[in-house]
Amino acid sequence: MHFARKLFGSVAFRALFLVTLFSLLWQTRSAVAAAAFIDHAGNIVPSAPTSSDTVDFWVQIGYQGWVTDTRLYLTTDGSEPSIHPTTHAAQGTTQAITMTLDHTENNTLWYKATAGPWSNGTVIRYKIASWHSGGGDTKYADSTNDWPVTDPTQARIFGFRVGENQLPSWIGDAVIYNVFVDRFYDGDTSNNDYCAEAASGYCDNNHAVHGALPTHPQDDYRFTYNGGDLDGVVERLDYLEDLGINVLWLSPVFDNPNFYTDTDFNSNGDIYFTYHGYHPSDPLSVEEVFGTQTDLQTLVTQAANRDIRVILDFVPNHTSSQHSNFISASTTCAGPFSAWYTFSACNTAADPSFTVNFPSGFNTSSASYTVYGSNDTNKSFFGVLELPQINNDNSAARNWVINSRADYWLDTLGHAGYRLDYAPGPSTDFWREFNDTIGDSDTFTIAEIWLDNGPEMIRRQQGRVDSAMDFEANAAIVGFFTGGSSVDSLDSSLRDRASFYYQGGISPSEFVRGCFIDNHDMDRFSHRVSYNMADMKQGALIMFTQPCVPVMYYGNEIGLGQEFGIYQFGGGRPEYARERMAWGFYDASAPTEWTGSANTALWDFYETLIDVRKATPALQTFSSADYIALYRHNADRTYAYQRGQGSSAVLVALNDSGGTRTLNIPNIGGVSLPYANGTVLQDLLGSGKNCTVSSGQCSITLDNNDPGVVLAPQAGVTVNFTVNGYVTQYGQDMYVVGNVPELGNWNPANAVPLSWVDSDTWSGPAVFTSSAGQSIQFKFIVRQGGTTIWEGGGNRTYSVPSSGTGSYTGWWQ
C-alpha cells in the first residue's frame, strides 16, 4: 500500500496517468466509444403524467468506454420521432432534448431530462439515443449486448397519453376466476385429438409416470392434451355462478400448432404439446381442439346471462414459429413480414420436415413439423426457438396485433377485456396505443409482469393498463405460510405493496392490483402448505381482503392438488400444477376421468368468502389508506388489520400459531379502532366469534384451525345523548355510562365519550345493538385523569328504539 502511494505520488506516474486517461476519453475506436447497453424501459416520473406534471425521463447506460452525448427525441402530435442517422438532428416535428448525467451507479451512467407539462389528451412518443462525440456507434434505447440498435428507424418507441386512466365501475366487487381450458372440463369428446383416449371417449388420465420425470412427455397425461374445451366451460357456468364468480378469465383459446418436438427431452421425435395455448399460430381462429368460434361466442353470451364477464388471455409479444407471418419472414428476406420480427441476419434456411409418430391410442397418427430460423438469428421469447418475438414498434405489425386481433375480437365477441401475457415485452408506446384503441369505461385489462424488477416495471405501465398481477404480494403470502416469515414481515410487505403503486399521483380509480395465491406457472398453494386446512383458508382470507382484485386459479376452492412440485425434478415442469379439475363432488354423473378429489369444506368457505367480499363495500376499495395494521404478534403468529374507514370499516384477524390465542386489538401504538365503545362486531364469515368494543379494544379468541374472521359492526340503533348545565374545566371530559354493554356496564373506563358543544353542553352518539328495543339505565359522568365525577340523583332511564335512531337531552343532576 505504501509502495502504491509512493508510485502514484511521483511526477512521472501522474503524467502517464493523465495522458492515458485523456487518450481513453477521446479515442474514436468504436469498441471504446460504445455503450454496452442503453436501458430506459419506460422509466419516467410520474409514470402516468397529467396536465399539471413535468416529467423526468431516466435512462441507464452501461459503457464499454465513454459516452458524451445522450438525447431524448419526442413528438407531441402522435407521429413517430424522426432522427438523422449520422448528424443526430431531430427531423420534422421531432424535438431534441439534451439529457444530462445525473449520477453513476454500479459502473453505469444515469442520464435524465425533464420536459412538459402538456395538456391532457396529448400523445407523447419518444426515442433515446447515446453516443460519443469522438466517434463510434450511436445506440438507441433499449439496446442490449445481444441486440444492439444502431438504426434510428429501428429504435424502440416509448410513449404515453397525458391524463388519467379510468377503471371500469364494475371492478370494485370483481372476483376473477382463471380457467385453464384444457384442464377444466371436457364437454365435447369429438375434438379429443392429441390425447390417449379411454374407452369412454374421454382423454385417459391413467397413463402417468410416478416418482420421476417422464422420459417422453407423451408418456404422462399431464404433458398432453386432456380434452377440456369451450363446451366444457359452458357446462360448468352454473358451477361458477353458484360459487359467486363474476369474472371468468380464459386461458388462450386461439389456434396453436398443437405440438412441437422438444430437445428438452433429449430424444428425437418426442412431442411437446401446446395444450396451454400460449403459442399462437393463428390468433384469428379458435383452436379446433377447444371448439369453434360459435362455441366461444356461446360461452361469452351464456356467461353474460349469469352476470359473469369474460376476459380472454391475449399474447401480444410473440407468435408461434409456425405462424404464416413468421414463416414468410424467415424464408423471404424482403417480404412483407420481414420487418415484423427482428433478425440479426437474413437466414432463409429451414430445417427439413420430418414425421412425428404418436403413441398408440392418440387420435392423430402422424404430422409434419418444420423449424424456421434459429435462436441466433431472430429475437424470441427468452430464447425459446418456437416463440419469435413480434417487432411491435413496426406500425404494420402493431396494427395487426392491436386492431386486427385485440379490437377485432372485442367487437366480435363483446367480452369484457384481456389478461395480457408477458406485458413487459412490448414497449410503453405499444400499450399506450393498445389502451387508446380498446380502452373504454367498461373494458378491463390486467397485465402479467413478473420480472425481477416487476414492481417497478408494473409502475411504468400505469396509465396504459388497468391492472397487474402482484407477484410480490403473492410471495409475501406464500412465504408466511410456507417459509416461516414473521408477522412483521408479512405486514410490512403487504402494506408496502398496497402503497407502492399509488405514488406519483396515481389514484385507485386509475389502477388496481390483482392478488393471488398461485397460478398456472407455480406450485399450487394447497400443495405448498401440505393441504393444511387452516392455511388454505387463511391464505384465501388474506387474498380476498387486500386492497386489490382477488384472482383465483381453478381448483383453489377445492384444494386441488398436484403429485409433484414443479421443480422437484430440476427444470420447471408447470404441468404438475395443471391437474384436471375434480367434478365428482359437484356432479355425480361426471365421467370417471374428471372426478378427482375435492375438499368440500374448503369450497363452502370460498363461497362464503366470495359472498362477503361482494357484499362489503369496505373490501371493495383499493386505497392504501384503507389498509391499516392493528395487531401484530410475531411469537404467536397472529395478525389483524382494518379495511376501510370509519364506522363502516371491517377488521380482519387470523391465527397461525398452532394453538388457541386471544387477540386484544389493537396492540400497535398510534392506531385506534374506528368504533365507539359498546359496538358489537360480528364475524361476517359466520363463525359466531363476535366481540364488543370495550376500552377501545376488541378482544377475540381464535383457534388454530379457525379460518380467521372478518368483523363488522352489527346493524344498530344510534342514540344521540345531550347533557346541559355542567361547566367543564380544562382537562375535563364528559361521558355517558349505563347498565348495558354499549354504555360500558357501569364501568367508567368503558363509558361512551361525548363531544364539547359550548360552555356547559356536551353531546354525542352511542350505538345500541344487543340492547336495541330495551329500556336502559344510565348517568352522565365527568372524567379528568384518574378522577371520575358522577352526577347526583337516581339513574336515568331511556327506551332504546328497536330500529332507526333516537335522542335524549337532559340537565346535569
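Here, each number is a calculation from the coordinates, and none is a lab measurement. Given the structure is predicted, the values throughout are model-derived calculations rather than measurements. For neighbour counting, all protein chains shown are included, and Cβ atoms are generated from backbone atoms with ideal geometry for every residue, glycine included.
A few points about this structure:
- Ranking of His103, His88, His318 by neighbouring Cβ atoms within 10 Å, starting from the fewest: His103, His88, His318.
- Student exercise, segment 687-786 dipole from Lys, Arg, Asp, Glu Cβ charges, in Debye to nearest 20: 120 debye
- Positive-end residue of Leu609, Asn192, Thr114, charge dipole of the chain with Cβ unit charges: Thr114
- Per-residue ellipticity at 222 nm computed for the chain from its helices equals -5000 deg cm²/dmol, with DSSP H segments shorter than 4 residues left out and the rest contributing -39,500 (n - 2.57).
- Kirkwood-type radius of segment 111-267, with distances r between different C-alpha atoms, in Å: 21.7 Å
- Simple rule: put +1 on each Lys or Arg Cβ and -1 on each Asp or Glu Cβ in the chain, find the dipole, and look at Ala625, Thr761, Leu413; the Cα lying farthest toward the positive end is Thr761.
- Residue exposure proxy: Asp636, Asp69, Asp231, Asp411, ordered by other Cβ atoms within 10 angstrom of their Cβ from fewest to most, comes out as Asp411, Asp69, Asp636, Asp231.
- For segment 31-161, the direction-averaged projected area of the alpha-carbon convex hull comes to 7.3 nm².
- Residues of type aspartates and glutamates that Lys779 reaches as a straight line, Cα spacing below 18 Å, ignoring anything fewer than 8 places off in the same chain: Asp733, Glu742, Asp760, Glu791
- Matching label, Rg and Dmax of the Cα atoms in Å computed from the structure shown, candidates [x] 27.1, 82; [y] 33.6, 106; [z] 32.0, 104: [z]
- Computed from point charges on the beta carbon alone (+1 for Lys and Arg, -1 for Asp and Glu), the dipole magnitude for the chain about its Cα centre is near 3140 Debye.
- Positive-pole candidate from Pro508, Ile446, Pro591, dipole of the chain, charges at beta carbon: Pro508
- For segment 31-161, the relative contact order comes to 33 percent (Cα pairs under 8 Å, sequence separation of at least 6).
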